[in-house]
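What follows is a set of notes on a single structure, which appears directly below.
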Amino acid sequence: MTENVMLIFPHPDDETFSAAGTVQHYKRTKDAYVSAVSLTLGEMGRNFGMPPIANRETLPHIRKKELEDALSIMGVDQFIHLGYRDKTLEFELTSTVANHLLNVIVEHQPTTVITFYPGHSIHPDHDATGEAVVEAIKMMDHSKRPTLLTKAITADAEQHIGEPDVVFDISPYLEMKKEAIRAHRSQALEVDAITKQKLKEGATDPEAWIRYETFWTYKQSEEV
Amino acid sequence: MIEINKEELQENLSQYFNHEIYVHFEMTNGAYAAYRHGKAASGFVRNAKAKLIEGKVTGDSPFRVGLKTSDGWLYADGLTHSDHTFTEALLMYGFDDDGKMQIALQLSTTPFE
Ligand SMILES: [Zn+2]
């Protein structure tokens with residue numbers, strides 16, 4: 001069976017930072033089919049561009065276009081937008097979102113799903129997304145469950161959940177990843193500024209934060 | 001997006017006086033604030049309905065806007081910019097020194113999407 005990878009993230013740009021190189025890895029080494037699910041369009045983002053190229057009302061349209069551009073740079077085959085609103089995900093019933101995601105997963109039959117690690121992903125929408133994905137997969141028959149790779153981003157995550165067991169050094173795809181990050185133009189994500197800051201702080205590899213894409217294979221706590 | 005011109009904004013606001021309007025009001029210091037430096041504080045109201053009576057623009061960049069409604073008040077401080085290219089609604093924003101939006105006040109005669 002060919003590898004079928006599905007990224008499930010709440011905001012445009014989460015997928016790029018978390019998994020741009022991972023997507024390339026799966027495509028090149030496993031000839032994978034890759035889809036990207038975005039639950040929202042980042043409607044409530046505070047960045048309108050520098051100088052502003054958006055306003056609160058035009059932002060979702062602009063971010064959708066940016067996301068499509070970034071996904072094509074990453075080599076993602078299919079984009080699925082679920083139509084939730086930024087910042088409100090944690091207030092939806094988890095079962096509602098989980099059932100919605102279950103339908104998407106059953107329809108596309110991914111062999112690997114990549115999302116956030118619930119409880120260790122800083123932004124409430126990130127945690128809510130991870131939680132709903134875990135719930136969705138829990139509803140599936142054991143034999144049909146995809147491998148679940150989750151991304152934790154809190155600084156102290158390793159103290160709680162140990163070291164990530166899946167680590168991709170995406171050096172060969174680093175320039176592609178930076179280009180995909182730049183495609184999120186309204187977000188004015190200053191990768192070079194962050195890298196310079198890390199260099200100033202004495203980091204030996206100031207690009208490590210985008211060079212290594214790390215994941216924890218999620219183990220369902222209760223085998224139901 | 002242009003820096004607010006006080007007289008122009010006063011004129012634009014007055015177009016909404018004595019109308020039923022929809023309000024999008026928002027303040028935020030960022031969802032990552034809790035993680036980076038202390039506490040996040042933010043909130044928004046989307047499509048609150050109000051009848052505007054009158055109001056004023058005061059201050060000198062950042063500006064304050066205070067609007068009297070049939071049932072109360074609308075108040076915003078820290079407004080620096082408005083988007084004159086967007087004709088369907090009156091959009092007013094305040095940005096912090098890093099260019100991040102920290103306050104939004106939007107008025108429209110039709111509901112926001
Ligand atoms: Zn995000």
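Relative to the Cα centre, the charge distribution of chain B, modelled as +1 at Lys and Arg Cβ and -1 at Asp and Glu Cβ, gives a dipole magnitude of about 460 debye.
Close amide-amide hydrogen proximity is noted between residue A:116 and A:130, A:151, each under 5 Å apart and 5 or more residues distant or on a separate chain (H modeled in the peptide plane; Pro and chain starts excluded). Only protein atoms count toward the accessible area here, which uses a 1.4 Å probe; on chain A, the carbon and sulfur part of that area reaches 51 percent.
The trypsin sites (Lys or Arg not before Pro) found in the stretch A:155-224 that occupy coil by DSSP, while having at most 12 further C-beta atoms within 10 Å, are A:219. Just add up the charged neighbours of residue B:23: K/R +1, D/E -1, any other residue whose Cβ is under 15 Å from the Cβ of residue B:23. So the environment of residue B:23 carries a net charge of -1. From the Cα gyration tensor of the stretch B:2-108, with a ≥ b ≥ c the square roots of its eigenvalues, which class applies: rounded if a/c is under 1.5, or else prolate if a/b is larger than b/c, or else oblate? Prolate is the answer for the stretch B:2-108, as a/c is 1.5 or above and a/b outweighs b/c.
The trypsin sites (Lys or Arg not before Pro) of the stretch B:34-113 that meet both conditions, a loop assignment by DSSP and at most 10 other Cβ atoms within 10 Å of the site Cβ, are B:39. Under 24 Å of direct C-alpha separation, and excluding same-chain neighbours fewer than eight residues apart, residue A:219 reaches these lysines: A:30, A:138, A:144, A:151. Placing +1 on the Cβ of every Lys and Arg and -1 on the Cβ of every Asp and Glu, with nothing else charged, gives the stretch A:100-207 a dipole about its Cα centre of roughly 280 debye. For chymotrypsin sites (Phe, Trp or Tyr not before Pro), no site in the stretch A:161-224 is both called loop by DSSP and has at most 12 other Cβ atoms within 10 Å.
The HN-Hα couplings worked out from phi for the stretch A:149-166 by the Karplus form 6.51 cos²θ - 1.76 cosθ + 1.60 (θ = phi - 60°) are 9, 10, 9, 9, 10, 5, 5, 9, 3, 5, 5, 9, 10, x, 7, x, 9, 10 Hz, whole numbers, x standing for Gly and Pro. Evaluated with a Cβ-only charge set (Lys, Arg +1; Asp, Glu -1), the stretch A:4-222 carries a dipole of roughly 380 debye about its Cα centre, given to the nearest 20. Projected over every direction and averaged, the convex hull enclosing the alpha-carbon atoms of the stretch A:87-224 yields 10.1 nm². Taken as Cα centroids, the stretch A:175-210 and the stretch B:40-61 sit 37 Å apart, rounded to the nearest whole angstrom.
Between the stretch A:93-172 and the stretch A:1-67, what is the C-alpha centre distance in whole Å? Spelled out, the Cα-based centre of one part sits 16 Å from the other. Taking each DSSP H run with n ≥ 4 as -39500 (n - 2.57) and averaging over every residue of chain B yields -2500 deg cm²/dmol at 222 nm. Note on chain A: GNM, Cα springs under 10 Å; of A:113, A:37, A:191, the largest mean-square fluctuation is that of A:191. Interface residues of the stretch A:46-74, defined as a loss of at least 20 Å² in heavy-atom accessible area between the chain alone and the complex of all protein chains with a 1.4 Å probe, are A:46, A:47, A:48, A:50, A:52, A:55, A:56, A:57, A:61. Where both bridge residues fall in the protein assembly as shown, DSSP classifies roughly 70% of the beta bridges as antiparallel. Between A:160, A:53, A:136, the Cα set farthest toward the positive side of the dipole of chain A (charges on each charged residue's Cβ, about the Cα centre) is that of A:53. Of the residues A:93, A:174, A:39, the one that moves most in a GNM of chain A with alpha-carbon contacts below 10 Å is A:93.
The values are calculated or read from the model by the stated rules, or taken from the named source; none is laboratory data. Not measured: the values here are computed from a predicted model. Using ideal geometry, Cβ is built from the backbone for each residue, glycine included, and neighbour counts are taken over all protein chains shown. We work out accessible area using only protein heavy atoms, side chains counted, and drop any ligands, DNA or RNA first. Shrake-Rupley method; radii C 1.70, N 1.55, O 1.52, S 1.80 Å.
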